[in-house]
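Let me begin by presenting the structure, written as structure tokens, before commenting on it.
The values are calculated or read from the model by the stated rules, or taken from the named source; none is laboratory data. Just so you know, these numbers come straight off a predicted model, no measurement behind them. Every residue, glycine among them, receives a Cβ derived from its backbone with ideal geometry; neighbour counts consider all protein chains shown. These accessible areas exclude ligands, DNA and RNA; they are computed on the full protein's heavy atoms, side chains included. Shrake-Rupley method; radii C 1.70, N 1.55, O 1.52, S 1.80 Å.
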Amino acid sequence: MINPIFLALDFPTWQEAKQFIDMNELQGVPVKVGMELFYREGPHVIEKLKADNHPIFLDLKLHDIPTTVMRAMRNLSALGVDIVNVHALGGSEMIKWAKEGLLLGGTGKNTKLIAVTILTSMSDKTMNDELRLNGTVNEVASHLANISYQSGADGVVCSVHEAKQIKHVCGSDFLTVTPGIRLKQSDKNDQERIATPFEAREKGADILVIGRSITKAEDPRKAYEQALEEWNRGYK
Ligand code: C5P
């Protein structure tokens, strides 16, 4: 993938998302469409973005019984997006069937299946005390990544801080998609485990998802360019 920075299109309507893209000259950049926009606009938003040549990560985080996820994936497959995802906490059977559904749908052969490990908004304390999952977030995320890998997923969504360990366990080709990215001078908002694009690259992330650091920036175009620049500095 040439440009690894997916802009999170966390807008309530297509009109607002499109206006943001056009006003800031972000035509054709990779985008992530989440629940907010998809539940409002439906598959048409994907068709529109595809027509405008945006690589697309459809972030719906499916989590249901294996059959239901398989059938949903079969339908999503027809959209021909680049990346879709499920929650790894749905278990190995669900992940296997998700992959099966993508392949049954025809065009999904080229769609990468990514599993969400532990949300980057989650702290050790919340995970241990509320969800009663033992261990550190890092350990649980690595375990879930391994299950995802064994079940045929192409990669995981994880925090930058888990990427290296996950690559170590699942191999360098296993994709690590990392949200929780903040440019210098940005607010942390509700994300806990954050990193800059430079750190992300250093720590083995393949794809970055960035929302508010760009969408809420004074000059979003400049912020997007800064993210790319920080990422590219990781090459040197
Ligand atoms: O605004 P911010 O950069 O925090 O946006 C992060 C985006 O990535 C949001 O759209 C959020 O839904 C998504 N995401 C996340 N953590 C995950 C998976 C997805 O923050 N583990």
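Cβ-Cβ distances below 8 Å connect the following pairs, each with a first residue in the range 70-91 that is under 17 Å from Gly42 (Cα atoms), a second residue that is assigned to a strand (DSSP E or B) and small (Gly, Ala, Ser), and a separation of six or more residues or different chains: Asn85/Ala115.
Exactly one residue out of Ile147, Ile181, Ile210 is of a type in the set (A, V, I, L, M) and open to solvent by 40 Å² or more (accessible area, probe 1.4 Å), and it is Ile147.
One residue is enough: does the range 19-30 have a residue meeting the conditions open to solvent by 80 Å² or more (accessible area, probe 1.4 Å) and in a helix (DSSP H, G or I)? Yes - at least one qualifying residue is present in the range 19-30.
Condition check ((1) closer than 24 Å to Thr196 by Cα; (2) open to solvent by less than 20 Å² (accessible area, probe 1.4 Å)) across all residues:
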site	(1), (2)
Ile65	no, no
Arg74	no, no
Ser77	no, yes
Ala88	no, yes
Ser92	no, no
Leu104	no, no
Leu119	yes, no
Arg132	no, no
Asn138	yes, no
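Of the residues making up the range 1-18, those that are assigned to a loop (DSSP other than H, G, I, E, B) and more than 18 Å from Ala223 (Cα to Cα) are Met1, Ile2, Pro12, Thr13. Residues that are in contact with a Lys or Arg (Cβ under 9 Å, 6 or more places away or on another chain), surrounded by fewer than 18 Cβ atoms within 10 Å (Cβ to Cβ) and of a type outside the set (Asp, Glu) within the range 31-63 comprise Met35, Lys48, listed in sequence order.
Only one of the numbered conditions (1) modelled with pLDDT of 95 or more; (2) within 12 Å of the ligand (Cβ to nearest atom) is not met by Asp129, and that is (2).
Residue by residue, here is whether (1) assigned to a strand (DSSP E or B); (2) acidic (Asp, Glu); (3) out of contact with any Gly (no Cβ under 8 Å at 6 or more places or on another chain); (4) more than 16 Å from the ligand (Cβ to nearest atom) holds:
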position: Lys48; (1), (2), (3), (4): no, no, yes, yes
position: Asn53; (1), (2), (3), (4): no, no, no, yes
position: Lys61; (1), (2), (3), (4): yes, no, yes, no
position: Thr67; (1), (2), (3), (4): no, no, yes, yes
position: Asn85; (1), (2), (3), (4): yes, no, yes, no
position: Leu89; (1), (2), (3), (4): no, no, yes, no
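The C-beta contact set for the range 202-222 (first residue assigned to a helix (DSSP H, G or I) and within 11 Å of the ligand (Cβ to nearest atom), second residue open to solvent by 70 Å² or more (accessible area, probe 1.4 Å) and modelled with pLDDT of 95 or more, distance under 9 angstrom, 6+ apart or interchain) comprises Arg212/Asp10; Ile214/Arg221; Thr215/Asp10. Scanning the range 106-117 for residues that are surrounded by 20 or more Cβ atoms within 10 Å (Cβ to Cβ), in contact with a helix residue (DSSP H, G or I) (Cβ under 7 Å, 6 or more places away or on another chain) and under 20 Å from Thr68 (Cβ atoms) yields Gly108, Thr111, Leu113, Ala115, Val116.
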